[in-house]
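Everything below concerns the one structure shown next.
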Amino acid sequence: ADLNVIAARTPGMVGADLANIVNESALLAVRRNAGQVQMRDLEEAIDRVMLGLEKKNRVMTASDKERVAYHETGHALVALSLDNAVPVHRVSIIPRSVGALGHTLQLPTEERYLMTLPELEDQIAVMMGGRAAEESVYNGVISTGAADDLQRASELIRQIVMRFGMSSRLGNLTYGAPHNAQFLRFPFMPEERNYSEKTSEAIDDEVRRISDRLYLRAKEILTNRRAELERIARELIQKETLDRPQIELLLLPELKQSPA
């Protein structure tokens, strides 16, 4: 087993969590009559804990399966194209019990405590890759599949503007403050607003501007790499899961990156 991959996939887990994964991987190995636990068993055990059980009996229409394949390929191809994106480890269109119809798994190559603005922007562009792929392939007809991506991207962009002071238009300031009486807070209570209505409009405009710019970046990448988008998506429809080496084989030679 590649312990570096296992470590990268289980950040923040304590010993009991890891023991649970080892036990689950042993059960998986027994079910397939294997003589020992292999990397495939450990990976599937982590997937079960993090993503839920495979739902191979969930029947998707051919059109839905195709759309999910393009969506996930969009994430992966944008990540492969950006210098600061986390390396792609695997792409799958096998539905999971958590409700995901597919996933693109990225694994960091090192433990990080700080993130730069270019790294955050590349992360957001990768989130936008699924919706950008759908819009490009289906001539502007988009689906609800990008809802979670857009929610995460929107939240991260707002943090860039309001928490990290990374907006050139809003300056090196933070906006909004937590309520002092923490014991009175509820999830639905908004934070204390310490800025004007004019600033609120400026924040909204800046969030939209950043979102549009990074979405356009993702869409341009997929337009330029349309042949690879088609090739990877078709292979993904057939095999349902592709790991990094399999994806590398489908890339044009002049655009290949060295494996992470």
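The values are calculated or read from the model by the stated rules, or taken from the named source; none is laboratory data. This one's a predicted model, so the numbers in the text were calculated from it and none came from an experiment. Here the Cβ positions follow ideal geometry from the backbone for every residue, glycine too, while neighbour counts run over all protein chains shown. Surface areas here come from the heavy atoms of the whole protein model, side chains and all, with no ligands, DNA or RNA. Shrake-Rupley method; radii C 1.70, N 1.55, O 1.52, S 1.80 Å.
Points to keep in mind about this one:
- Any chance Ala19 is small (Gly, Ala, Ser), more than 24 Å from the chain's Cα centre (by Cα), over 24 Å from His103 (Cα atoms) and surrounded by 11 or more Cβ atoms within 10 Å (Cβ to Cβ): yes
- The number of residues in segment 143-155 that are within 12 Å of Ile210 (Cβ to Cβ) and either surrounded by fewer than 20 Cβ atoms within 10 Å (Cβ to Cβ) or in contact with a strand residue (DSSP E or B) (Cβ under 7 Å, 6 or more places away or on another chain) (or both) comes to 1.
- Residue match in segment 127-144 (condition: basic (Lys, Arg) and modelled with pLDDT under 95): no
- Members of segment 54-94 that are open to solvent by 70 Å² or more (accessible area, probe 1.4 Å), among the aliphatic types (A, V, I, L, M) and under 21 Å from Glu230 (Cβ atoms): Ala62
- From Pro118, Pro108, residue being surrounded by fewer than 19 Cβ atoms within 10 Å (Cβ to Cβ) and closer than 19 Å to Lys219 by Cα: Pro118
- Exactly one residue out of Gly176, Gly165, Gly171, Gly140 is touching a Ser or Thr at 6+ places or on another chain (Cβ under 7 Å) and open to solvent by less than 50 Å² (accessible area, probe 1.4 Å), and it is Gly165.
- Per the listing Leu101, Leu51, the residue uniquely free of Cβ contacts under 8 Å to residues at least 60 places away in the same chain, open to solvent by 60 Å² or more (accessible area, probe 1.4 Å) and within 20 Å of Gly145 (Cβ to Cβ) is Leu101.
Yes/no matrix, rows are residues, columns are (1) touching a residue at least 12 places away in the same chain (Cβ under 8 Å); (2) within 18 Å of Ile203 (Cα to Cα); (3) in contact with a Lys or Arg (Cβ under 8 Å, 6 or more places away or on another chain):
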site	(1), (2), (3)
Ile93	yes, no, yes
Thr109	yes, no, no
Tyr113	no, no, no
Gln123	yes, no, no
Met127	yes, no, yes
Ile142	no, no, yes
Arg152	yes, yes, no
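- Applying a threshold of 8 Å to beta carbon distances and a minimum spacing of six or more residues, or different chains, the list of pairs starting in segment 158-176 at a residue that is under 14 Å from Arg209 (Cβ atoms) and of a type in the set (S, T, N, Q) and ending at one that is open to solvent by less than 20 Å² (accessible area, probe 1.4 Å) and in a helix (DSSP H, G or I) reads Ser167/Ile160; Ser167/Val161; Ser167/Glu206; Ser167/Ile210.
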